[in-house]
Amino acid sequence: MSTIAANLQAVEATIQSAVKAAGRPASSVQLLAVSKTFPPEAVLEAIACGQRAFGENYLQEALDKMRSVARLAPDIPVEWHFIGPIQSNKTRPIAANFQWVHTVERLKIAQRLSEQRPPEMGPLNICLQVNISGEATKSGVTPAELPELAHQVAQLSNLRLRGLMAIPEPETDVAKQRAAFAQLRALYDSLCGEGLALDTLSMGMSGDLAAAILEGATIVRIGSAIFGARQAVVSK
Ligand SMILES: *Cc1c(COP(=O)(O)O)cnc(C)c1O
């Protein structure tokens, strides 16, 4: 078995044991394989194992990779999720090439994505990135500004607001990991209580996926545990 195949099995096993511990249905967590910095061949290997959803952070790298994957595996429907920072001059290709965007933090960006989404593709699935306390990247809308942004984005016609995303500070203590995810979960519950029809909590990476699932994650974004350690990234 290849390394990627073995890693995917191990990640699936971790997901299933966390789902069980949380008393949640086995199918309630989707694995997003984060393939940034890895070549199309790595994506194809994961596809051969049955993986269909991939996350990318850098637009040009993602577009090149999508093209290669579509050429080499033309009959397989692959779902691409954009999970990197969004520059406003890059919204058009994002809207035209991805099924999901996890990193919306401003109304202006959401409006552009909605205007530029090709209608025949159907609505673009959106998560709002929230800067829960101590977030390492400092990206994301603040919890205080989240409700207004969420209600505005929910009105945009070519978007479908699905839920929230966060990248908490890396933390090895499971109780602290859970506390950060619980904050995102509380914000999510409160938006649902205000009538927004959300179904997605995008949280949990290689180092903290079990804690995220215990706190209600529905999408875990896993890179290095599947594809191996990344080289240092030069910004693209
Ligand atoms: C790189 C990245 C991941 C995956 O991180 P790993 O620790 O390698 O699992 C998940 N989410 C986002 C937003 C990322 O940028």
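Summary value for segment 3-224: 19 percent relative contact order, contacts being C-alpha pairs under 8 angstrom separated by 6+ residues. Per the Kirkwood formula applied to alpha carbons, the chain shows a radius of gyration over Rh ratio, Rg over Rh, of 0.94. Working from Cα pairs under 8 Å separated by at least six residues, relative contact order for segment 57-145 is 23 percent.
Rg of the Cα atoms in segment 30-75, relative to 2.2 N^0.38 Å, amounts to 1.03. Based on protein heavy atoms only, the chain ends up with 46 Å² per residue of surface accessible to a 1.4 Å probe. Students often get this wrong: which residues of segment 1-41 have the backbone nitrogen under 13 Å from the point 7 angstrom along Cα-to-C-beta of residue 174? Those under the cut-off are 14-15, 17-22. Measuring nothing but protein heavy atoms, the accessible surface of the chain at 1.4 Å probe radius is 53 percent carbon and sulfur.
Couplings 3J(HN,Hα) for segment 95-103, derived from phi with the Karplus relation 6.51 cos²θ - 1.76 cosθ + 1.60 (θ = phi - 60°), are 4, 8, 10, 10, 8, 9, 10, 9, 10 Hz, where x marks Gly and Pro. When the chain is treated as a GNM, springs tying every alpha-carbon pair under 10 Å, which of 121, 165, 203 comes out with the largest mean-square fluctuation? Answer for the Gaussian network model of the chain: 121.
Listed by chain and number, the lysines placed with their C-alpha closer than 24 angstrom to that of residue 20 are 176; residues fewer than eight positions away on the same chain are left out.
Computed from backbone phi with θ = phi - 60° and the Karplus coefficients 6.51, -1.76 and 1.60, the 3J(HN,Hα) list for segment 178-187 is 5, 4, 5, 5, 4, 4, 5, 4, 5, 5 Hz; x is used for glycine and proline.
Using θ = phi - 60° in the Karplus curve 6.51 cos²θ - 1.76 cosθ + 1.60, the 3J(HN,Hα) couplings for segment 9-19 round to 4, 5, 5, 4, 5, 4, 4, 5, 6, 5, 4 Hz; x is entered for Gly and Pro. When DSSP beta bridges are restricted to pairs lying wholly in segment 3-224, around 0% turn out antiparallel.
Inter-label distance, residue 72 to residue 116: 2.8 nm, where each label sits 7 Å from its Cα along the C-beta direction.
Taking amide H as placed 1.01 Å from N in the peptide plane, residue 53 has its amide H under 5 Å from the amide H of 33, 79, each at least 5 places away in sequence or on another chain.
The values are calculated or read from the model by the stated rules, or taken from the named source; none is laboratory data. The structure presented is a predicted model; accordingly, all values stated were derived computationally and were not measured. Cβ atoms come from the backbone with ideal geometry, glycine included; neighbour counts cover every protein chain shown. For accessibility, only protein heavy atoms count, side chains too; no ligands or nucleic acids. Shrake-Rupley method; radii C 1.70, N 1.55, O 1.52, S 1.80 Å.
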